[in-house]
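Encoded as structure tokens, the structure appears first; notes follow it.
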Amino acid sequence: MENEQMVELFGIDAIPVGEKRYPAGTEVHVFSSGDKLVAKVDGEVVASFSKSYAKDLKAEEV
């Protein structure tokens, strides 16, 4: 899917939501939202991306 609004965020192509940007290493939580996934930082949605990325997302081992 090509989309001019997409930029690389969190190592994947995503559409930023809002103006805030976070440094590398920021803890991000991903949730399903309708036909897309959303990335949240501190409970605030910061990006959305296609569910096709879901298979590529991996949980970080503690």
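Observations on the model:
- Each peptide in 15-25, 36-46 receives the mean, over its residues, of other Cβ atoms within 10 Å, and ordering these scores from highest gives 36-46, 15-25.
- For the pair Lys55 and Val28, a Förster radius of 22 Å applied to the C-beta separation gives a FRET efficiency near 0.80, rounded to the nearest 0.05.
- Unit Cα scatterers, Debye sum, the stretch 1-53: log10 I(q)/I(0) for q = 0.24 Å⁻¹: -0.95
Bear in mind these aren't lab numbers, they're just calculated from the coordinates by the rules spelled out. Computed from a prediction, not measured in an experiment: that's the story for all the values here. With ideal geometry, Cβ positions are generated from the backbone for all residues, glycine too; neighbour counts draw on all protein chains shown.
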